[in-house]
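Asks: Right, I'll just put the structure down here and ask away after.
The values are calculated or read from the model by the stated rules, or taken from the named source; none is laboratory data. Just so it is clear, the model here is predicted, and its values are computed rather than measured. We place every Cβ from the backbone using ideal geometry, glycine too, and count neighbours over all the protein chains shown.
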Amino acid sequence: MTQNEIRSEMTIAEQQGTLIEIYNLDSTDSFDVGFVIAMDQLFALLLVLDWDGKVNCLLVTRLTSIRQVRSQTDYLTTVTVKAKVAQDHGYFDLWGLQKFLREHDFHNQPLLQTFLQDSFKHHLPVVIGTNKYKGQDDFEGILTKVDKMQLTMDYYNEHDLSSLWEYQVFLANVDYLRVRGYQMATTKAIFKEVFHQ
């Protein structure tokens, strides 16, 4: 798909409130499922659902890293049915992200910088994926510095919990940012239980 086709598909999905699959990693087996909430010139904001149809997190993903967008697939039909079950039984949005999105308007805002600043200000865990690793590795941690050019974060390595590690990355190299959801809750727990922060 061309970038114009991708942006067009995502604009339609945002306007219609339809669930889509976005392929932004090198693997054709890995993709995110979600609702497009907003787009700026460089990034899209999605409310991401997991394979059980539950709200997983908010994802800010670089538009140029998206290779394909799919809608109306059998998999999306399955996730939609599972989401209905989750809504009917009260476990669809455990993280309160629908309420958060209702209380904030992210249109006409620089999405990456807005969510980095929100996470930094509120000391919320984030997951950062970069164009260097293309989904092979992402960094789960707490932002320690954010400016217009780069971010610095303390992150943990689940295979070496001897200490926290520092990572600096230019914002131009950020492919995606995950905030306010499952991975962030587990990261917060690890920082508290293992590193006493």
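Asks: Can you tell me which condition Gly141 does not meet? The list is (1) loosely packed, with under 14 Cβ neighbours inside 10 Å; (2) touching a helix residue (DSSP H, G or I) at 6+ places or on another chain (Cβ under 8 Å); (3) within 23 Å of Asn24 (Cα to Cα), and all the others hold.
Replies: (1)
Asks: Another one. Just to be sure before I move on: is Val126 modelled with pLDDT of 95 or more, hydrophobic (A, V, I, L, M, F, W, C) and closer than 13 Å to Leu49 by Cα in the structure I sent?
Replies: no
Asks: Here's another thing I want to ask about it. Restricting the search to segment 141-185, which residues are of a type in the set (D, E, K, R), more than 18 Å from Thr114 (Cβ to Cβ) and at pLDDT 95 or above?
Replies: Hits for segment 141-185 are Asp154, Glu166.
Asks: Filter segment 123-159 for residues that are in contact (Cβ under 8 Å) with a residue 24 or more places away in the chain and aliphatic (A, V, I, L, M) and give the result.
Replies: Within segment 123-159, Leu124, Val126, Val127, Ile128, Ile142, Leu143, Val146, Leu151, Met153 qualify.
Asks: If you don't mind, there's one more thing I want to ask. Please go through segment 1-32 and give me each residue that is part of a helix (DSSP H, G or I) and surrounded by 15 or more Cβ atoms within 10 Å (Cβ to Cβ), ordered by number.
Replies: Ile6, Arg7, Glu9, Met10, Ala13, Glu14
Asks: Further question on the same structure: Given the residues Phe115, Phe106, Phe120, which is the only one that is closer than 16 Å to Val60 by Cβ, crowded, with 16+ Cβ neighbours inside 10 Å and without any contact (Cβ under 8 Å) to a residue 40 or more places away in the chain?
Replies: That would be Phe120, the only listed residue that is closer than 16 Å to Val60 by Cβ, crowded, with 16+ Cβ neighbours inside 10 Å and without any contact (Cβ under 8 Å) to a residue 40 or more places away in the chain.
Asks: How about segment 79-118: which of its residues are of a type in the set (Gly, Ala, Ser) and modelled with pLDDT under 95?
Replies: Across segment 79-118, there are no qualifying residues.
Asks: Those residues that are in a helix (DSSP H, G or I), under 19 Å from the mean Cα position of the chain (by Cα) and in contact (Cβ under 8 Å) with a residue 24 or more places away in the chain, I need them from segment 81-103; list them, please.
Replies: Passing the criteria: Ala83, Leu97, Gln98, Phe100, Leu101.
Asks: Could you tell me which residue of segment 53-77 is surrounded by the fewest Cβ atoms within 10 Å (Cβ to Cβ), considering only residues that are part of a strand (DSSP E or B) and basic (Lys, Arg)?
Replies: Arg70
Rundown of residues vs (1) within 17 Å of Asp32 (Cβ to Cβ); (2) out of contact with any strand residue (DSSP E or B) (no Cβ under 8 Å at 6 or more places or on another chain); (3) not acidic (Asp, Glu), yes/no style:
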position	(1), (2), (3)
Arg62	yes, no, yes
Gln72	yes, yes, yes
Leu76	yes, no, yes
Ala83	yes, no, yes
Asp88	no, yes, no
Tyr91	no, yes, yes
Leu97	yes, no, yes
Glu103	no, yes, no
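Asks: Moving to a separate point now. Every residue in segment 104-124 that is in a loop (DSSP other than H, G, I, E, B) and farther than 19 Å from Lys188 by Cα, please.
Replies: Of everything in segment 104-124, those that are in a loop (DSSP other than H, G, I, E, B) and farther than 19 Å from Lys188 by Cα turn out to be His104, Asp105, Phe106, His107, Asn108, Gln109, Pro110.
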